[in-house]
1. Of A:LYS232/A:LYS261; A:LYS74/A:LYS178; A:LYS42/A:LYS232, which ones are farther than 20 Å apart at the Cα?
2. Using a 1.4 angstrom probe on the protein heavy atoms only, line up B:ILE191, A:ILE22 by accessible area, largest first.
3. In the protein assembly as shown, with Lys and Arg counted as +1 and Asp and Glu as -1 at Cβ, which of these residues, A:PHE98, A:PRO319, A:ILE301, has the Cα nearest the positive end of the dipole, that is, farthest along it?
4. Highest GNM mean-square fluctuation, chain B, Cα pairs closer than 10 Å: which of B:LEU81, B:LEU49, B:LEU249?
5. Give the total of Lys-Lys pairs in the range B:64-253 with Cα-Cα distances below 28 Å; include a pair only if its members are 8 or more places apart or on different chains.
6. Using a 1.4 Å probe on the protein chains only, how many percent of the accessible area of the protein assembly as shown belongs to carbon and sulfur?
7. How about the range A:250-355: which GluC sites (Glu not before Pro) there lie in a loop by DSSP and see at most 15 other Cβ atoms within 10 Å?
8. Using the heavy atoms of the protein chains alone and a 1.4 angstrom probe, what is the accessible area of the range A:162-299 per residue in square angstrom?
Amino acid sequence: MAVLRLENISKRFGKLWALSDINLEIPDGRFCVILGPSGCGKSTLLNLIAGLEEPTTGRIYLGDKDITKLASHKRDIAMVFQNYALYPHLSVFENMAFGLRVKGFNDDEIRSRIERVSRILNIEDKLNSFPKELSGGQRQRVATGRAIAREPRLFLFDEPLSNLDARLRIELRAEFIKLHRQLKRTVVYVTHDQVEAMVLGEMVVVINDGCIQQISDPIELYQNPRNLFVAKFIGIPPMNIIELRLIREDKELSLEMDNFKLRLTCEVNKRLNELINKKVYLGVRPSGIELSSDGQNEAEIMFIETIGEDSFVHLRLSPTIEINVRLRDRMVVKTGKSVRFNIDFSRVYLFDEHGDRIYL
Amino acid sequence: MRQFCIFGILILLGLLLLFPLYVMLKISMSSPSDIFSSHPSYLIRDFTLGHFSNVFSSGSNFLYPLKKSLITASLASLAALLFSVPAAYAISKFNYRIRYILIIAIFITRMIPEVSIALPVAIAFIKIGLFDTVAGLVMAHLIRILPVSCFILVGVFSGFPEELEKQARIDGCSRMRAITKVVLPLSLGGITVAGIFSFLLSWDEFIFASYLCLARPTMPLKMYYYISRGDLFYSSTYAVIITLPVLLLSFIFQRYIRPGYLSGAIKG
């Protein structure tokens, strides 16, 4: 069984902690996506798993075996790099055969494996070509094929699609899903593209500043972000984040800033009581706001964006607050006019000033 | 028009650079009467290979220096690669700052004029029995070769895509095997350049040779001997012979020195 377990993994480069205290368990056969902005430490994490670098502290287990100190060529792991890393002096066939030859497989076995893999990936007619004769998509297929032919216990992908153009990316993304269904191997897939993470991941690990922010399935990540970073990072267009102050008037709590005011309709719990008169971030997705003539608040329409079937209206609530609202039911609105709107309180997320979620 | 001007200037500069070489070639292939006239011509009027046959038939007088120079230069360039390939590979793994400091440190040996260290080296070699030997000369030549070949190779290895090496390690190669199976074969172009350069630096070296050789001179020393005797034909014939191996080497190895050797490996 290829369960991958990371225990208290930290990695330091000079004075910089690239990763701190990472704990993660990926069950056998799971497609795990590690998602984070560039420079968050996600590629470092992959290098640690691959054995290309050693963690400063912590242990890595594959199955029951501790592989922390094991050299990467003994780990039975395959990795696909962002820039493909094909051997330019070898043909496509030899590129895929390289790892098998090193492992000492005989020629018949190598040939049959490569033929099978190249059929799956549609590169049968390219086996005698050299990498420089291939297009980007074909190169990525060869790199993936090289990994599959090895039949490793664990697949690592380091942003494999980010060098391809948008169409090809969607095409190959679908192929990755099919491949994973077919092979049923454990996959760790690093990306900065949340769409890839949402589409591919059975399990998504969000990383920022070298720390795990949240581990969950994609839907949960979208609907139930644990902190401000995840809330901001996930979702296109991004969630509206408004900085407000929690005010108590008589027995009612409300969030205020400038002339904008939102009454809290939920029960007042202990956590909220602690935060009175403090800074609070309110998050609401563009679809969680509704324009209506009997709305609680008023705002001015800045501009309207239409993307395919969806239209988004940018509203200015106060000189410092602007939000983005998804337009429902083909409503007709005009730039410069003022409109009234309601915030659906069941779809509001609150975060304290450290960015931690306030559960209501 | 501008392009035409630049082109013209380039041709002119090229001719200026090539002219002495031509004169050397011309003298080595002309009969004495052609050269010692009151108005020597630019073209070869009285062609002869006599000087070459004179040199080649002078026996050990010519063959020993040639042999010594060839062996010294070959050994020196091989030894240089043997040391500088691993050194440069290791240096290229450091970050830019440390790499820079190490390169500077290596080049400090070249900042000391050779004339000033040649004498102490010669005295030390006399004491340990390396004076007037090939081994001694090779070691002395390495002083001047190693920094240069290291410098070239650090550039080569720093430009090598890291992912390819990582890929090899993940594909099952140990670090050593990844180097021998992927890094070195794909760096042959740069290694060849370093090798030819090393050969050249030893082949035409004069100062160390003049201090460290006595009974068994190298080619440049032999040529100097004829120059000091004022033998125009011998010295220019020697000069031609000294020029040839470098051209030959570059020609043989030029297939390794081509751009785009790595194309297709990674997407830049």
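The values are calculated or read from the model by the stated rules, or taken from the named source; none is laboratory data. Nothing here was measured: the structure is a model prediction, and the numbers come from that model. Cβ sites come from the backbone with ideal geometry, for glycine too, and all protein chains shown count toward neighbours. Note: areas computed on protein heavy atoms with side chains; ligands, DNA, RNA excluded. Shrake-Rupley method; radii C 1.70, N 1.55, O 1.52, S 1.80 Å.
1. Working: A:LYS232/A:LYS261 22 Å; A:LYS74/A:LYS178 28 Å; A:LYS42/A:LYS232 18 Å.
As for pairs spanning more than 20 Å Cα to Cα, those are A:LYS232/A:LYS261; A:LYS74/A:LYS178.
2. On the way: B:ILE191 25, A:ILE22 0 Å².
Largest accessible area first, the list is B:ILE191, A:ILE22.
3. A:PHE98
4. Evaluated over chain B, the most mobile residue of the options is B:LEU49.
5. On the way: B:LYS67/B:LYS127; B:LYS67/B:LYS222; B:LYS68/B:LYS127; B:LYS68/B:LYS222; B:LYS93/B:LYS166; B:LYS93/B:LYS181; B:LYS127/B:LYS222; B:LYS166/B:LYS181.
Lysine pair count for the range B:64-253: 8.
6. Working: 18520 of 32010 Å².
Using a 1.4 Å probe with all protein chains present, the protein assembly as shown comes out at 58 percent carbon and sulfur.
7. A:GLU267, A:GLU309, A:GLU353
8. Working: 6930 Å² over 138 residues.
Value for the range A:162-299: 50 Å² per residue.
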